[in-house]
Amino acid sequence: MFPTDPVSNLAALIRCPSVTPAEGGALAALEAMLAPVGFKVDRVVAKEPGTPDIENLYARTGGEGPHLMFAGHTDVVPVGDEEGPAINGTVKLLEWAAARGERWDACLVGEPTNPDCIGDMIKIGRRGSLSGRITVHGVQGHAAYPHLADNPVRSILQIAQALMDPPFDDGTENFQPSNLEVTTIDVGNTAVNVIPAKASAAFNIRFNDRWTAESLMAEIVARLDRAAAGSALRPGRAPARYEIVWNERPSHVFLTRNNALIDSLSGAVEAVTGRQPQLSTTGGTSDARFIKDYCPVVEFGLVGKTMHMVDERVALADLETLTGIYETFIARWFGHAAA
């Protein structure tokens, strides 16, 4: 039987080579921790054509009454890379559980939400995220004979600028201003004296609750149309031609307004640490964007100063403090839910 102290359990998980998409023994370790204390554990393999199969774990205890979900992930990113596609993980596991009749009244996601110290911040929502790639088509040719070619680089630069300026908005009551970043401009050209046939630019925008993914797509297309119409590939030529491909599954903006959930967690943080946590919607996306379709969700976890860095680490004192916060939160939330 596994020990019950959080440091030993974390060490057991860290020893597992669970680099996405491999389970690496981490789910087996969790099952060994949970089953002896009364949890029924299911190991669910999710599949999707063209993607790796992913094994997930769902553990349940208790009977009738309020149901609280704790959500997290055991896989880690490859060295130097970002996460894999969010296809066969939380989304499929939620669908599987809901189809079996599982229902939840609230959820806590254990993401590292604190910027500096345990107790700094609770995430009560997230901005939306939308990505796409624009391609401008030109006519390839020799740089010494520009009149025989159309250079798409001229237009892609103007289009990229039009995406970033003017600002989309100046923020809302609960969210930062929406912000678009052009993340790459590519022509795939290794020759310095050849005008390329096409140029592309990729972008990502994090947006607030002034927009939906659909209204934002319409605004971006309007900006692209205006920029393309005014940016001929060469003076005197026809306007530029572009195409846009949207990344699948934009992340939608959301804000949790469940006072019982937020107050239970805020009160637990203050009771254990003496700090009043800031309620925030900053940062990137998380699995909360999927869970919010099933129940109210908040996020609170460790300090995130070193996440995705070499030698990612956590203070053991913080781990003990977090355990105390979670224990206090569970008691407070079930007290609210039963009232």
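In region 30-52, what residues are at pLDDT 95 or above and part of a loop (DSSP other than H, G, I, E, B)? Result: 39, single match. Residue count for region 148-168, restricted to those that are buried (at least 16 other Cβ atoms within 10 Å of the Cβ) and under 25 Å from the mean Cα position of the chain (by Cα): 3. Residue 275 meets all of the listed conditions (1) of a type in the set (Lys, Arg); (2) within 29 Å of residue 102 (Cβ to Cβ); (3) in a loop (DSSP other than H, G, I, E, B) but one, namely (2).
Would you pick out the residues in region 151-201 that are hydroxyl-bearing (Ser, Thr, Tyr) and closer than 21 Å to residue 285 by Cα? If you could, list the steps in order and put the result at the bottom.
Step one: of region 151-201, the residues hydroxyl-bearing (Ser, Thr, Tyr) are 155, 172, 178, 183-184, 190, 200.
Answer for region 151-201, where residues must be hydroxyl-bearing (Ser, Thr, Tyr) and closer than 21 Å to residue 285 by Cα: 172, 178, 183, 184.
Every condition in (1) buried (at least 16 other Cβ atoms within 10 Å of the Cβ); (2) not assigned by TED's automatic domain parsing to the domain that holds residue 152 holds for residue 240 except the one numbered (2). The set of residues from region 1-49 being among the basic types (Lys, Arg) and farther than 23 Å from residue 77 by Cβ comprises just one member, 40.
Reported count of residues in region 89-115, each being without any contact (Cβ under 8 Å) to a residue 60 or more places away in the chain and small (Gly, Ala, Ser), is 3. For first residues located in region 161-173 and over 29 Å from residue 279 (Cα atoms), partners that are assigned to a helix (DSSP H, G or I) and not aliphatic (A, V, I, L, M) and lie 6+ apart or on another chain with Cβ distances below 7 Å form the pairs 162/223; 162/226; 163/223.
Quick grid of which residues meet (1) out of contact with any Asp or Glu (no Cβ under 8 Å at 6 or more places or on another chain); (2) closer than 23 Å to residue 306 by Cβ:
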residue: 12; (1), (2): yes, yes
residue: 20; (1), (2): no, yes
residue: 27; (1), (2): no, no
residue: 58; (1), (2): no, no
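Could you go through region 274-281 and let me know if any residue there is of a type in the set (A, V, I, L, M, F, W, C) and out of contact with any strand residue (DSSP E or B) (no Cβ under 8 Å at 6 or more places or on another chain). Break it down into steps so the answer makes sense when it comes.
Looking only at region 274-281, we keep the residues that are of a type in the set (A, V, I, L, M, F, W, C), and these are 279.
Imposing the further condition that a residue be out of contact with any strand residue (DSSP E or B) (no Cβ under 8 Å at 6 or more places or on another chain) reduces the set to none.
Checking region 274-281: not a single residue is of a type in the set (A, V, I, L, M, F, W, C) and out of contact with any strand residue (DSSP E or B) (no Cβ under 8 Å at 6 or more places or on another chain).
Beta carbons closer than 8 Å, at least 6 apart along the sequence or on distinct chains, pair a first residue in region 285-299 that is closer than 13 Å to residue 129 by Cβ with a second that is assigned to a strand (DSSP E or B) and of a type in the set (Ser, Thr, Tyr) for 285/129; 285/251; 289/251. Only residues that are of a type in the set (S, T, N, Q), in contact with a helix residue (DSSP H, G or I) (Cβ under 9 Å, 6 or more places away or on another chain) and surrounded by fewer than 17 Cβ atoms within 10 Å (Cβ to Cβ) were counted in region 34-76, giving 1.
For region 291-320, the set of residues classified as assigned to a helix (DSSP H, G or I) and crowded, with 18+ Cβ neighbours inside 10 Å consists of 291 only.
Given the condition outside any helix (DSSP H, G or I) and small (Gly, Ala, Ser), answer yes or no: does some residue in region 180-195 qualify?
Here is the first cut: in region 180-195, the ones outside any helix (DSSP H, G or I) are 180-195.
Next, from what is left, pick out any that are small (Gly, Ala, Ser): 188, 191.
Within region 180-195, one or more residues are outside any helix (DSSP H, G or I) and small (Gly, Ala, Ser).
Among residues of region 60-72 that are in contact (Cβ under 8 Å) with a residue 60 or more places away in the chain and closer than 18 Å to residue 261 by Cα, those with a Cβ under 8 angstrom from a residue that is in a loop (DSSP other than H, G, I, E, B) and of a type in the set (Phe, Trp, Tyr), sequence gap 6+ or separate chain, pair up as 68/104; 69/104.
Among the candidates 222, 213, which residue alone is surrounded by fewer than 13 Cβ atoms within 10 Å (Cβ to Cβ) and not assigned by TED's automatic domain parsing to the domain that holds residue 87?
Details: 213 fails: surrounded by fewer than 13 Cβ atoms within 10 Å (Cβ to Cβ).
Of 222, 213, the one residue that is surrounded by fewer than 13 Cβ atoms within 10 Å (Cβ to Cβ) and not assigned by TED's automatic domain parsing to the domain that holds residue 87 is 222.
The values are calculated or read from the model by the stated rules, or taken from the named source; none is laboratory data. It should be emphasised that the depicted structure is a prediction, and the values quoted were computed from it without experimental measurement. FYI the Cβ positions are ideal-geometry reconstructions off the backbone, even for glycines, and counts take in every protein chain you see.
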